[in-house]
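Engineer: Before anything else, here's the structure in question.
Where a number appears in this text, it was derived from the coordinates with a stated rule and is not lab data. Source: prediction; values computed, not measured. We place every Cβ from the backbone using ideal geometry, glycine too, and count neighbours over all the protein chains shown.
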Amino acid sequence: MKRIILSLSIVFTIIACNQKPEGYTITGNLTGELENGTQVFLRKQGENRQPIDVDTATIENGEFVFTGEAGVPELHYVFVDKLQGYTAVVLENGEIELNAQKDSLGLAKVKGTPQNDIFADYIIKSQAISKRAMSIQQDLQKANENKDEATITSLGDEMKDLQEEYENFELGYIKENPNALISVLLLDKAIASRLVPADEIQALYDAITPEMKETGIAKKISGQLEGLKEKAEKSKSTEVGAQAPEFKAPGVNGEQLALKDMMGKITLVDFWAAWCRPCRAENPNVVAVYKKYHDKGLNIIGVSLDKKAEDWKKAIKDDGLTWNHVSHVQYFNDPIAKLYNVDAIPAAFLLDENGIIVAKNLRGAELEKKVAELLN
């Protein structure tokens with residue numbers, strides 16, 4: 001009988017250990033003088049990044065408690081009335097402990113559940129790299145003050161290496177922790193930075209666990225990846241070696257102008273706008289190249305992404321842009337911009353006499369060099 005009872009107790013213990021907690025409890029402890037009754041707010045980010053109140057608690061003798069039931073893990077924030085800053089918490093079912101000093105909520109220690117423990121580990125490791133960056137910046141400031149060029153160059157190289165190390169650290173963290181919410185958040189950051197190729201982002205996303213794919217941020221990433229796939233497919237039509245898409249659009253005087261009628265031996269399709277400072281800064285160089293090579297066969301077609309026709313026409317006159325111009329005056333909704341997959345300007349496509357794209361986004365001396373090569 002004793003053996004049966006012992007066996008049953010072991011079974012019940014195993015079952016209890018494998019059962020997921022049904023709800024969450026956040027137990028907070030704040031050091032520093034805080035008035036009893038001070039409100040504490042549990043918030044999450046809503047649409048347009050606006051904070052949404054999820055729950056409210058009050059402080060009694062430096063402590064507060066939030067209880068409830070969570071779905072998939074989600075990042076939340078703890079704010080204390082009349083105090084600066086906040087503490088990030090991964091809301092998931094289980095016992096979560098939060099310890100902080102009232103004047104430094106951002107440095108709170110959060111632990112107790114798997115997601116919060118991983119999140120804390122990431123913070124510690126990323127802060128170690130950040131401290132090294134701060135040290136380099138301090139040394140760089142001193143070197144600048146002393147006009148020590150050799151040290152400035154050396155520290156600049158060291159900072160570049162550290163930036164690469166940080167990027168690799170974050171990508172490595174995603175690979176090593178496919179079951180972590182922080183990995184999904186880092187994946188979202190990687191997409192926004194545009195520094196990581198889409199196929200690598202896709203591979204990292206594919207590797208995260210099914211539970212993490214149910215989070216709101218992962219569903220957002222999934223949609224972004226679909227968009228990147230569509231964009232990559234569309235971009236094939238404007239890659240170097242492709243036939244430039246034909247278009248017809250209103251000119252400055254409202255007349256319809258077609259690409260095929262404006263082409264020369266070499267044609268530059270230049271996407272720009274009056275409001276685009278880099279475009280306006282590049283215009284003098286484009287003017288110089290046009291004056292030098294127009295008689296030899298260079299034509300330019302300016303495609304404006306302006307919102308107002310008067311701004312567009314004034315900029316043409318002010319910058320001395322004496323070539324053909326077209327625009328639907330629809331900003332980035334311009335049909336030609338969509339046809340050429342242009343989502344940032346300046347952007348330019350250099351075409352040969354057959355309308356084949358031979359180069360993209362050349363500026364300054366590189367543009368003149370390529371035009372000279374093609375015409376000589």
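Engineer: So for the range 197-210 (the condition being outside any helix (DSSP H, G or I), within 26 Å of Ala337 (Cβ to Cβ) and not acidic (Asp, Glu)), does at least one residue qualify?
Structural biologist: Yes, that holds for at least one residue.
Engineer: Moving on. Give me the pairs, please: first residue somewhere in the range 67-86 and touching a residue at least 12 places away in the same chain (Cβ under 8 Å), second residue anywhere and surrounded by fewer than 18 Cβ atoms within 10 Å (Cβ to Cβ) and of a type in the set (D, E, K, R), beta-carbon distance under 6 Å, and either six or more positions apart or on two chains.
Structural biologist: From residues that are touching a residue at least 12 places away in the same chain (Cβ under 8 Å), the pairs are Val72/Glu214; His76/Lys44; Tyr77/Arg43.
Engineer: Let me confirm something: among Asp295, Asp270, which residue is crowded, with 18+ Cβ neighbours inside 10 Å, charged (D, E, K, R) and either outside any loop (DSSP other than H, G, I, E, B) or in contact with a strand residue (DSSP E or B) (Cβ under 8 Å, 6 or more places away or on another chain) (or both)?
Structural biologist: Asp270
Engineer: Same structure, new question: Quick check: is even one residue across the range 304-312 under 26 Å from the mean Cα position of the chain (by Cα) and in a helix (DSSP H, G or I)?
Structural biologist: No: zero hits.
Engineer: Residue by residue through the range 313-358, note down the ones that are closer than 20 Å to Met263 by Cβ, assigned to a loop (DSSP other than H, G, I, E, B) and more than 32 Å from the chain's Cα centre (by Cα).
Structural biologist: Selection gives Leu321, Thr322, Trp323, Asp352, Glu353, Asn354, Gly355.
Engineer: Let me ask another. Among the residues of the range 186-216, which ones are surrounded by fewer than 19 Cβ atoms within 10 Å (Cβ to Cβ) and in contact (Cβ under 8 Å) with a residue 60 or more places away in the chain?
Structural biologist: Those that are surrounded by fewer than 19 Cβ atoms within 10 Å (Cβ to Cβ) and in contact (Cβ under 8 Å) with a residue 60 or more places away in the chain: Glu211, Glu214, Gly216.
Engineer: Let me ask another. Would you point out the residue of the range 238-287, among those that are of a type in the set (Gly, Ala, Ser) and in contact with a Leu (Cβ under 7 Å, 6 or more places away or on another chain), that is farthest from Asn341 (Cα to Cα)?
Structural biologist: Looking at residues that are of a type in the set (Gly, Ala, Ser) and in contact with a Leu (Cβ under 7 Å, 6 or more places away or on another chain), I get Gly264.
Engineer: Output the number of residues of the range 56-92 satisfying the condition of being assigned to a strand (DSSP E or B), of a type outside the set (A, V, I, L, M) and surrounded by fewer than 17 Cβ atoms within 10 Å (Cβ to Cβ).
Structural biologist: Matching residues across the range 56-92 total 6.
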